[in-house]
Amino acid sequence: MARIKVKKPLVEMDGDEMTRVIWASIKEKLILPYLDIDLKYFDLGLKHRNETDDKVTLDAAKAVAEYGVGVKCATITPDNERMTEYNLKKMWPSPNAQIRGFLDGTVFRKPIIVKNIKPAVRAWKKPITVARHAYGDIYKAQEIVTAQPGKAELIFTASDGQTSKVTVADLKGPGVFMGMHNTIVSIQSFARACIQYALTEKIDIWFSAKDTISKKYDGKFKEIFAAEIAAAKTKLDAAGVNYRYFLIDDAVAQIMKNEGGMLWAMKNYDGDVLSDMIAAGFGSLGMMTSVLVSPDGKFEFEAAHGTVKRHYYKYLKGEETSTNSVASIFAWTGAIKKRGALDNTPDAVKFAEKLETAVISCIENGCVTKDLVPLMDAPPKKIYNTDEFIDEVASRL
Ligand SMILES: NC(=O)c1ccc[n+]([C@@H]2O[C@H](COP(=O)([O-])OP(=O)(O)OC[C@H]3O[C@@H](n4cnc5c(N)ncnc54)[C@H](O)[C@@H]3O)[C@@H](O)[C@H]2O)c1
């Protein structure tokens, strides 16, 4: 059978543990037999990151910037335990954070929906994609705890020496306070990445904050979003994408009654908390995809879950595993669809859609991995092990 030609290269980033095992299988059984594709391969497995003094991560990020589309396997973010386990030279930083920083990107998480797994919220019919602004606010704040009464002040010294000062509180007794910040450039990048994503997916944008209370800080976010939306108005109108601003409490209430199908953009803390609520509401981590989008339109696709360490140790002992490969497969299909759309190769897009249909039909016919069983309306036909599930998808494809 002639393989479908993918015109331009795709950056492939390999990873760790059970997801690395699945990755190889997906490539061998679902991708390479069908696509003639130039994969620019980077091994981001922790062993290789350590051997290259983590240079490989930066090289991979540069390649995504150069070629425009990447697909990434889950990777270990080292902690003390991993330092010993992998005999690391250094506690290398999270590859995801580094790539995100290099591309100035925003992460969008989107659930994969199947008919026989109903979301916890009855109204939800379509995926709710969450975008979290991953810079600043309480995550880069400075805090003080005081046992004494006193005055807390906020002072800004501009580069020309001018200062502005406000009193935060006159504390009559012990207290706590915090100073946090954000940058206009970072908020603009976030808004632009959201616009890029919504244009690609042709979905409406919701942005929520609390500008009635935080008139300047959250007010600035609201103002910047409105300005970026206005600047992109022609493109948004042509794609049928609408923009709505909500107070965060209103957005939370509305989301519980809405059928979904929108991009919900949030500030850092709101996105941190509510993305987990949305993920749990839709079901399993194994069914959640993630895409990093830069403001200038570079895309990196991956599964939202980690390396599934527990399964990997069972696998190493030769025990049977039932790891869900759906989000990893959708990382590949997302990247191939994006490559096809950018290169104007509809056959590549069609192939990726067929692969997605094969996965969905598998699950909707009751052929699933173990993690999905407690979420299903009716008991499954069969619980597949890791390999059997990928083989079943391959046979349907
Ligand atoms: N994007 C990434 O690269 C990424 C994200 C999160 C965690 N991690 C890394 O992954 C490693 C393990 O972290 P963790 O255990 O907190 O997260 P994890 O996502 O690997 O697992 C969390 C829980 O969900 C289950 N689970 C997750 N994905 C599953 C799947 N596809 N099929 C079946 N069950 C699944 C796991 O068994 C576990 O109980 C850590 O080293 C962490 O640094 C990487």
Practice item. Quickly rank 363-374, 231-242 as a protection proxy: mean count of other C-beta atoms within 10 Å, highest first. Key: 363-374, 231-242
Review point. Got a sec? Which residues in region 54-73 would a label at residue 88 touch, if it sits 7 Å along Cα→Cβ and we count backbone N under 15 Å?
Key: 54-58
Study note, to complete from the structure: Residue by residue through region 127-137, the couplings from Karplus 6.51 cos²θ - 1.76 cosθ + 1.60 with θ = phi - 60°, in Hz, x for Gly and Pro, are x, 9, 8, 10, 10, 10, 6, 9, 9, x, 6
Revision key, fill the gap. Mean separation of Cα contacts under 8 Å (at least 6 apart) over the residue count of the chain, i.e. the relative contact order in percent, is 22 percent
Check your understanding: How many angstrom lie between the C-alpha centres of region 130-148 and region 175-198?
Key -> 12 Å
Check your understanding: How would you classify region 1-141 from its alpha-carbon gyration tensor, with a ≥ b ≥ c the square roots of the eigenvalues: rounded for a/c under 1.5, else prolate if a/b is greater than b/c, otherwise oblate?
Key -> oblate
**Study point:** Extension gain, residue 273 back to residue 59 (0.36 nm per residue minus Cα-Cα distance, nm)
**Key:** 73.9 nm
Check your understanding: Calculated from DSSP H runs of 4 or more alone, at -39500 (n - 2.57) each and per residue, what is the 222 nm mean residue ellipticity of the chain, nearest 500?
Key -> -12500 deg cm²/dmol
Practice item. Return the long-range amide H neighbours of residue 262 (sequence gap of 5 or more, or a different chain), with a cut-off of under 5 Å between placed amide H atoms. Key: 129
Study note, to complete from the structure: Note: residue 296 to residue 317 extended length (0.36 nm per residue) minus current alpha-carbon separation gives 3.0 nm
Revision key, fill the gap. Per the charge dipole of the chain (beta-carbon charges, Lys/Arg positive, Asp/Glu negative, Cα centre), the residue among 378, 175, 97 reaching farthest to the positive end is 378
Review point. Charges only on Cβ, +1 for Lys and Arg, -1 for Asp and Glu: so what's the dipole of region 28-110 about the Cα centre, in debye to the nearest 20?
Key: 240 debye
Check your understanding: Sorted by packing (mean other beta-carbon atoms within 10 Å per residue), highest first, where do 350-358, 129-137 land?
Key -> 129-137, 350-358
Point to revise | Which of 122, 3 has the fewest Cβ neighbours within 10 Å, and the rest in rising order | key: 122, 3
Study note, to complete from the structure: Simple spin-label estimate for residue 139/residue 5, 7 Å along Cα→Cβ, in nm, reads 4.2 nm
Exercise for review: Please give the direction-averaged projected area of the C-alpha convex hull for the chain, in square nanometres with one decimal.
Suggested key: 23.4 nm²
Check your understanding: Arranged by the count of other C-beta atoms within 10 angstrom, fewest first, what order do 384, 86 take?
Key -> 86, 384
Review point. Which FRET efficiency, nearest 0.05, do residue 177 and residue 212 yield, Cβ-Cβ r, R0 22 Å?
Key: 0.50
Exercise for review: Run the numbers on region 332-397 and let me know its relative contact order in percent, using alpha-carbon pairs under 8 Å that are six or more apart.
Suggested key: 27 percent
Exercise for review: Just grab the label-to-label distance for residue 385 and residue 154, each label 7 Å out from Cα along the Cβ direction, in nm (one decimal).
Suggested key: 5.9 nm
Exercise for review: Can you tell me the dipole magnitude for the chain around its Cα centre, using point charges on the Cβ only (Lys, Arg +1; Asp, Glu -1), in Debye to the nearest 20?
Suggested key: 580 debye
**Study point:** Virtual spin-label span in nm between residue 66 and residue 235, 7 Å along Cα→Cβ
**Key:** 2.5 nm
Check your understanding: Amide H neighbours of residue 35 under 5 Å, counting only residues 5+ apart in sequence or on other chains, H built in-plane at 1.01 Å?
Key -> 4
**Study point:** About the Cα centre, charge dipole magnitude for region 208-329 (Lys/Arg +1, Asp/Glu -1 at Cβ), debye
**Key:** 160 debye
Check your understanding: Which order results if 266, 178 are arranged by neighbouring Cβ count within 10 Å, fewest first?
Key -> 178, 266
Practice item. Averaging sequence separations of C-alpha pairs under 8 Å and six or more residues apart, then dividing by the length of region 184-308, give the relative contact order as a whole percent. Key: 31 percent
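Coordinate-derived values only; no laboratory data. This one's a predicted model, so the numbers in the text were calculated from it and none came from an experiment. No Cβ is skipped: glycine too gets one built from the backbone with ideal geometry, and neighbour counts run over all protein chains shown.
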